[in-house]
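S.K.: Here it is, the structure, as structure tokens.
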Amino acid sequence: SRRAMGRAMGLAGLLLGLFLVPAVLVSTSLRHGAPPTEPEAARELAAWEPVSGTVREDSLWPLPQWLRTSPRQLQLAPGRFQLVHGAGSSAGPDCGLLQDAFRRYIEYMFGQSRRRTWGRRPPGGLTGPELWELQVVIEAPDPGCNSYPQLTSSEAYHLTVTEPVAILKADEVWGALRGLETFSQLVHEDDYGSFLVNESEISDFPRFAHRGILLDTSRHYLPLKSILTNLDAMAFNKFNVLHWHIVDDQSFPYQSIYFPELSNKGAYSYNHIYTPTDVRLVIEYARLRGIRVIPEFDTPGHTQSWGKGQKDLLTPCYSGERPTGSFGPVNPILNTTYDFMTTFYKEISSIFPDAYIHLGGDEVDFSCWKSNPEVREFMKKQGFGIDYAKLESYYIQKVLDIVSSYNKGYVVWQEVFDNKAQLKPDTVVQVWMENNYANELSSVTGAGFTAILAAPWYLDYISYGQDWKKYYKVEPLNFPGSEKQKKLLIGGEACLWGEFVDATNLTPRLWPRASAVGERLWSSRNVTNLQDAYERLTNHRCRML
Amino acid sequence: AENEPPSGTSCTQLLIFVATPGCDGFPSLDSKENYKLSVSEDSMLLSADAVWGALRGLETFSQLVGRDENGTYYINNTEIVDFPRFPHRGLLLDTSRHYLPLRAILETLDVMAYNKFNVFHWHIVDDPSFPYESFTFPELSKQGAFNAMTHVYTASDVQMVIEYARLRGIRVIAEFDTPGHTLSWGPGAPGLLTPCYLGKEPSGTYGPINPTLNSTYKFVASLFREVSTVFPDFFLHLGGDEVDFTCWKSNPKISAFMEEMGFGEDYKKLESFYIQRLLDIVSALGKGYIVWQEVFDNGVKVRPDTIIHVWKENSVPYMEEMANVTQAGYRALLSAPWYLNRISYGQDWIPAYQVEPLEFKGSPEQKERVMGGEACMWGEYVDVTNLTPRLW
């Protein structure tokens, strides 16, 4: 774009250096609830006093499930403090994921400090108790260093911060990543520039296992840097799913290996594509942050851009007896459609390692199908009458079967369920329509399907003022249903649709509003105090900058 | 022939002709911004009455230059005669609710120039912070800025803004809003603000500027003397909006003063008393002034060449306010439908575009009193991380 506009709004500029000086005091309180998992550790720490009313400059976001801090502060020397693998950890220096995380978190905590030269403990006394290192201990026999995070991965961790060594224990590396984020939030600077951390004990795990952000790279292309920056921000907020709504009507930026014409003809330009290397980079960058990448190839609607590079994929619309020249949803009556889908999803299944693929299925406009005489003929033959929802379901079911055959699970938008397609029992249904979404959650879970909630969290719907509060106030389990049903709601997603969003405004529009959703999905149900949230969120925002 | 590259010198120079000198002056409300642009095979000529028109014409010229698929720059044969409909086309930035680093302001001035805006309304101080470094009263920013070392505008910062703006034909109109919106003035100017009372005792909180003390007017005169010299534009914006009377009402000394002056219970009269004295002080300094609409609404006696800034959308529908203001003989600026800080989903540029500033019942003379308007970007939810994409 011309002139200074692009440069001016450069994300690098946003992220460097600016800080608002928060004159915010945060009070801590003794958290009740789940006790620490290590009874021995609890005994050692019995000497602590409860600390309600203590002034603290760190602010945790999202708030851990169980936390206890003391006023006693330990110093950290940027040049000496280390993140290390603890004795007995099933992960070691060959665990690339943790090595990368160690380096990243040291940079986050001490990055601006100049005292980074490696040095020994100075002779003579210290001015105060020092924290030497944080030992990370992974307890499961297979730590997960070389695997991809999954819905069932454990993200629980237990953090003990005492002199001289802090310990972070987690089942799997994913919990260690979450714990490192929390630890980095505990470290703060005092007025003299010293790095301090309060003695604390934290026991934490997410309330919901699926905590996602939807990015739309079809309405506006998002350069790689934008996506990666967003993955960083997600990690700061313990989000663990990137729902990549990669293609749609407007453009097809995904460069397919089997069908290169799709992006050749369907992308905004050759500069507006994601090559296989780009995609791999996103997936790996996400993996290193414990974030799953679930791609969405939305069909049969939302597919205008697919038709440019794949002839005969979309339904030709008719006016009377004549084709109008325009096209509608994917043509469900042709065998070639399913041949295409079979090959296409073979590629997608191998490129994207997550166990799930999002198949879309929303907002299918039937008018084009209705106008097409061959489609009408097909409807008759199949005995669907004039119920086009049946045709939609017919299509969807065939695609679901194709995707199943590649051993992938699938997520679909709620219409697929609403229109009564035959879904596999482990289908995940994403509820997005705002009107009466609690009812929809009841229906979906009542029918035995897993659900994720997006409806109240369409962050592209901006409005004036502190709208983070309304996102924070949502209680996902506020719907009529049994205990069993409630267990089927596995989480939710904050969606940033791209009609009015590109790299010039993505970051300030998404954050820190999405942080409100992040805490709602991670923290305990009773973490609802808006005033406390405001104070912590203000600090957290400055920290993210 | 069609595909011959252009030859000769015709496409190598844009000749700029300015009728009256003025390179070293500051733009004003009366500056001429008209220009003519002629582009043909023989020549490219930009002519303007004043340098300000030349700036506008250069911007237009730059927008005409295109680039084809081969990367060749080209321009079509063009004839343009252009001038602004309204002489005051402004943008308000608020550097009190959130400090904006200098580069954010300078960047904004660049984009203003792309859009032919010609007034930067600098709402520089307000309740939350006082970032303006005053040489007469250094304590104001020392005590009132978010951070006196880092979140301030030094004298050289201010001069930089004024000069950067001037080079783009943009006037800088500073707003030191009083008597309300002044909480940040308190710490650095003890005794300036009204102490609020809870019953018979001061509550510890403060309200608007205390209009009953002579020291207030001494202070105000000194501060505005400085501001008048620092900011070269003829106009200063004096604020005067949203004065909350509760604190004044609570203070017994103020009540006593009200009685003494025969104002009864009408605090609008007290507000007017302050404003009138302020206006006289500023006039004596040789400056003109712009005030928010409350000053007009509350019947304050103002000079005939005062400009009233209409910002309230609904207390009286703003078009009605425009009619009232212009009918009373004052010049008006419109901001009410252009509060860009009030974001909403979708293409909200459309309703802003559809506003017709002269759509009120009035005589042609009245309509001529509408000087223009301003898009306002109040800073409650805006800082450097989101200013540019929110504003443009």
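S.K.: Using a Cα-Cα cut-off of under 16 Å, which aspartates and glutamates could be cross-linked to A:K381, ignoring same-chain neighbours fewer than 8 residues away?
M.R.: Excluding near neighbours in sequence, the set is A:E392.
S.K.: Most mobile of B:K312, B:K142, B:K253 per a Gaussian network model of chain B (Cα springs, under 10 Å)?
M.R.: Comparing B:K312, B:K142, B:K253 in the GNM, the peak value goes to B:K253.
S.K.: Just tell me how shielded B:343-350 is by partners: mean number of partner chain Cβ atoms within 10 Å of each residue's Cβ, no decimals.
M.R.: Working: counts 6, 4, 7, 5, 2, 2, 0, 0.
Average per residue, whole number: 3.
S.K.: Okay, next question. Considering every Cα-Cα pair within the stretch A:210-544, what fraction, in whole percent, is farther apart than 33 Å? Spell out each step's value before the answer.
M.R.: On the way: 15157 of 55945 pairs.
Percentage above 33 Å: 27.
S.K.: Build a GNM of chain B with springs between Cα atoms under 10 Å: which of B:N214, B:N147, B:N251 gets the top mean-square fluctuation?
M.R.: Checking each option, the largest mean-square fluctuation is seen for B:N214.
S.K.: I would also like to ask the following. Once Rh for the stretch B:15-82 is found with the Kirkwood sum over Cα pairs, what is the Stokes-Einstein diffusion coefficient at 25 °C and 0.890 mPa s, in µm²/s? Numbers along the way, then the final one.
M.R.: Numbers: Rh = 12.8 Å.
Estimated diffusion coefficient is 191 µm²/s.
S.K.: What does DSSP give for the stretch A:210-544 in terms of the percent of beta bridges that are antiparallel, rounded to the nearest 5? Kindly include the intermediate steps, with their values, before the conclusion.
M.R.: On the way: 4 of 38 bridges.
The antiparallel proportion sits near 10 percent.
S.K.: Further question on the same structure: Show me the helices of chain A, taken as full DSSP H stretches, that run 18 Å or more along their long axis by Cα and average 0.0 or above in Kyte-Doolittle hydropathy.
M.R.: Flagged H segments are A:173-186, A:224-236, A:388-405.
S.K.: Related question: Under the classification rounded if a/c is under 1.5, otherwise prolate if a/b is larger than b/c and oblate if not, where does the stretch A:334-439 fall, given a ≥ b ≥ c as square roots of the Cα gyration tensor eigenvalues?
M.R.: Here the stretch A:334-439 falls in the oblate category.
S.K.: How much mean residue ellipticity at 222 nm does chain A get from its helices, if each DSSP H run of length 4 or more adds -39500 (n - 2.57) and you divide by all residues, to the nearest 500 deg cm²/dmol? Intermediate values should be presented prior to the final figure.
M.R.: Numbers: 20 runs with 187 residues, N = 545.
Per the formula, -10000 deg cm²/dmol.
S.K.: Expressed as cubic angstrom per residue, what is the convex hull volume of the alpha carbon set of the protein assembly as shown? Please report the intermediate quantities before stating the final value.
M.R.: Numbers: hull volume 224.2 nm³, N = 937.
With only Cα atoms used, the protein assembly as shown gives 239 Å³ per residue.
S.K.: Set the Förster radius R0 to 45 Å, insert the Cβ-Cβ distance between B:L198 and B:K301 as r into 1/(1 + (r/R0)^6), and round the FRET efficiency to 0.05. The partial results should precede the final answer.
M.R.: Values: r = 34 Å, r/R0 = 0.76.
The value I calculate is 0.85.
S.K.: Sort A:511-517, A:408-414 for me by packing, meaning the mean count of neighbouring Cβ atoms within 10 Å per residue, highest on top.
M.R.: Working: A:511-517: 24.4, A:408-414: 22.0.
The packing order, highest mean first, is A:511-517, A:408-414.
S.K.: Something else: Cα centroids of the stretch B:68-84 and the stretch B:95-126: how far apart, whole angstrom?
M.R.: Cα centroid of the stretch B:68-84 versus Cα centroid of the stretch B:95-126: 29 Å apart.
S.K.: State the Cα centre-to-centre distance between the stretch A:191-239 and the stretch B:291-360 in whole Å.
M.R.: 43
S.K.: List the relative contact order of the stretch A:265-350 as a percent without decimals, with contacts defined as Cα pairs under 8 Å and 6+ residues apart.
M.R.: For the stretch A:265-350, the relative contact order is 22 percent.
S.K.: Calculate I(q)/I(0) for chain B by the Debye formula, one identical point scatterer on each C-alpha and no solvent, and give its log10 at q = 0.06, 0.11, 0.12, 0.14 Å⁻¹ to two decimals.
M.R.: Debye intensities relative to I(0), on a log10 scale: -0.28, -0.85, -0.99, -1.29.
S.K.: Give the peptides A:280-292, A:198-210 in descending order of average Cβ contacts within 10 Å, highest first. Could the numbers behind the result be given before it?
M.R.: Details: A:280-292: 20.4, A:198-210: 22.0.
Peptide ranking by packing, descending: A:198-210, A:280-292.
S.K.: Express as a percent, rounded to the nearest 5, the fraction of DSSP beta bridges in the protein assembly as shown (both residues included) that run antiparallel.
M.R.: Bridges in the protein assembly as shown are about 35 percent antiparallel.
S.K.: Here is a further query. What is the pair-distance distribution P(r) of the stretch B:300-353, computed from all Cα-Cα distances in 10 Å bins starting at 0, with each bin given as a whole percent?
M.R.: Taking all Cα pairs of the stretch B:300-353, the binned fractions are 22, 45, 24, 9, 1 percent.
S.K.: Still on this structure, please answer the following. Using a 10 Å cut-off on Cβ to Cβ distances, tally the other chain neighbours for every residue of A:497-507 and report the average as a whole number.
M.R.: Values: counts 0, 0, 3, 4, 1, 1, 1, 3, 5, 1, 3.
Taking all residues of A:497-507 together, the mean is 2.
S.K.: How high is the FRET efficiency between A:E499 and A:E139 when r is their beta carbon distance and R₀ equals 56 Å, given to the nearest 0.05? Provide the component values of the computation, followed by the final result.
M.R.: Numbers: r = 46 Å, r/R0 = 0.82.
Approximately 0.75, to the nearest 0.05.
S.K.: In terms of solvent-accessible area of protein heavy atoms at a 1.4 angstrom probe, what is the ranking of A:Y268, A:Y406, B:Y345, highest value first?
M.R.: Values: A:Y268 110, A:Y406 60, B:Y345 85 Å².
Order by accessible area, largest first: A:Y268, B:Y345, A:Y406.
S.K.: Report the extension gain between A:S367 and A:D401 in nm, rounded to one decimal, defined as 0.36 nm multiplied by the number of residues separating them, less their alpha carbon distance. Please list the in-between numbers first.
M.R.: Values: separation 34, 0.36 × 34 = 12.24 nm, distance 2.60 nm.
Answer, rounded to one decimal: 9.6 nm.
S.K.: OK, next. Straight-line reach only, C-alpha to C-alpha below 14 angstrom: list the aspartates and glutamates that A:K408 could link to, leaving out same-chain residues fewer than 8 apart.
M.R.: A:E296, A:E347, A:D354, A:D426
S.K.: My understanding is that a pair violates if its Cα-Cα distance is over 23 Å; which of A:K370/A:K390; B:K218/B:K269; B:K32/B:K301; B:K218/B:K312 do that in this structure? Present the calculation step by step, with values, prior to reporting the outcome.
M.R.: Values: A:K370/A:K390 13 Å; B:K218/B:K269 21 Å; B:K32/B:K301 31 Å; B:K218/B:K312 32 Å.
Distance filter (> 23 Å) returns B:K32/B:K301; B:K218/B:K312.
S.K.: Calculate the mean, over all residues of peptide B:380-387, of how many other protein chain Cβ atoms lie within 10 angstrom of the residue's Cβ.
M.R.: Values: counts 3, 4, 1, 4, 7, 12, 6, 3.
Counting Cβ atoms of other protein chains within 10 Å of each residue's Cβ and averaging gives 5.
S.K.: Sort B:121-132, A:212-223 for me by packing, meaning the mean count of neighbouring Cβ atoms within 10 Å per residue, highest on top. Let's see the in-between values first.
M.R.: Working: B:121-132: 24.5, A:212-223: 22.8.
By packing density, highest mean first, the sequence is B:121-132, A:212-223.
S.K.: Based solely on its DSSP helices, what 222 nm [θ] is calculated for chain B when runs of n ≥ 4 H residues each add -39,500 (n - 2.57) and the sum is averaged over all residues, nearest 500 deg cm²/dmol?
M.R.: Details: 13 runs with 126 residues, N = 392.
Calculated mean residue ellipticity at 222 nm is -9500 deg cm²/dmol.
S.K.: Per the protein assembly as shown: cysteines with no other Cys C-beta under 4.7 angstrom?
M.R.: A:C495, A:C542, B:C11, B:C23, B:C376
The values are calculated or read from the model by the stated rules, or taken from the named source; none is laboratory data. Computed from a prediction, not measured in an experiment: that's the story for all the values here. Neighbour counts run over all protein chains shown; Cβ positions are idealised from the backbone, glycine included. When the accessible area is computed, the model is the full protein with side chains, heavy atoms only, and any ligands, DNA or RNA have been set aside. Shrake-Rupley method; radii C 1.70, N 1.55, O 1.52, S 1.80 Å.
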